[in-house]
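First comes the structure, then the notes that go with it.
The values are calculated or read from the model by the stated rules, or taken from the named source; none is laboratory data. Bear in mind the structure is a predicted one, so any value in this text is a computation, not a measurement. Backbone-built Cβ (ideal geometry, glycine too); neighbour counts: all protein chains shown.
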């Protein structure tokens, strides 16, 4: 398969000790605090651990989120906030706006920020797996599923939890609807790339491949449009990726549509479709160069030299030459001045996010444990807040190179 996907950096966060001295007044309450601290540290470690797999990630996320839910949900399932929701301050950076952190004293902010990183991890896991040259069928399924899981997490955060934040979401930052929608659509588009690769490998009907490629190009265009009203200083590199993928899959669509037309003895129209494919491929090639030269958050790569890109260039060239030969020997049809209108609808292979829900409350949370947190014992200076000078260190990611690095790194 050997795909290439752009990836933005993970969010970074300040350490959280969950040390509520005096407030946690029983061994059970203290244990929950210790478990929260250790499970959070473990989860953050897994984000950059190349040996981590989806099973390890699910176990770690289920433990941490089930414990964290005790700071958010009421034990009696009422709509009231838990008394612990605002006891701890959390600080997180942004995937696009670098090391400029946001802080909120709200456990829901921690839930959605950590959840966001979990979704990003699934996209990065999929990216590393998809970049292998000898990827197996089971690994391809893992890539497909991981991208759908990521889309489901992003969607769940947007629909069910971000609206519960007391502090309004800052414009242009990760939790804003435009950004989350872009991440969701990108995940769907990339998962469909896997579907297209499978359809090509199994030599499915060219009409189905053309329709899937057309739908995928539209996904990338839509994701790009979502980002168009945001500050280009932060989004330009990401947008170059979305634009080049949109052109790339339009080239794919016109190429396979041309094969469909040729099979229907419409050789003139097939040639015009292949010419349009060639035009989109050249445009994608130019965008690849622009992407490689653009500074901004994300992976450093030269996509035009990548196998997935070179294969399409050869396919377009060979298919166009075949159509022109056939027309010169057999059909003698005029080539229309206008490219055919692609009104293709895929009936199979379209990707929907996998439904996601946070785990249920951990069994350690009981009415007695919750009652053992005595908020009247909180220090008056509220030492739970991080110190103003506290630095949020970026996560050292194996697949994200610093911008100053001139090397080629495929994420």
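Remarks
- Some residue of the stretch 141-149 being within 22 Å of residue 312 (Cα to Cα) and in a helix (DSSP H, G or I): yes
- Odd one out for residue 169, checked against (1) outside any helix (DSSP H, G or I); (2) out of contact with any helix residue (DSSP H, G or I) (no Cβ under 7 Å at 6 or more places or on another chain); (3) without any contact (Cβ under 8 Å) to a residue 40 or more places away in the chain: (2)
- A residue that is at pLDDT below 80, more than 30 Å from residue 153 (Cβ to Cβ) and not assigned by TED's automatic domain parsing to the domain that holds residue 71 occurs nowhere in the stretch 392-403.
- Every residue from the stretch 286-319 that is at pLDDT below 75 and assigned to a helix (DSSP H, G or I): 303, 304, 305, 307, 308, 309, 310, 313
- Residue within the stretch 242-250 that is surrounded by 24 or more Cβ atoms within 10 Å (Cβ to Cβ), over 20 Å from the mean Cα position of the chain (by Cα) and assigned to a helix (DSSP H, G or I) present: yes
- Scanning the stretch 1-22 for residues that are surrounded by fewer than 20 Cβ atoms within 10 Å (Cβ to Cβ) and in contact with a strand residue (DSSP E or B) (Cβ under 8 Å, 6 or more places away or on another chain) turns up 14, 16.
- Annotation note: of 91, 124, 58, the sole residue that is more than 18 Å from residue 397 (Cα to Cα) and either in contact (Cβ under 8 Å) with a residue 60 or more places away in the chain or touching a helix residue (DSSP H, G or I) at 6+ places or on another chain (Cβ under 7 Å) (or both) is 91.
- Checking 120, 129 one by one, the residue that is in the same structural domain as residue 69 (by TED's automatic domain parsing), in a helix (DSSP H, G or I) and over 21 Å from residue 357 (Cβ atoms) is 129 and no other.
- Residue 63 meets each of the listed conditions (1) surrounded by fewer than 20 Cβ atoms within 10 Å (Cβ to Cβ); (2) over 22 Å from the mean Cα position of the chain (by Cα); (3) outside any helix (DSSP H, G or I) apart from (3).
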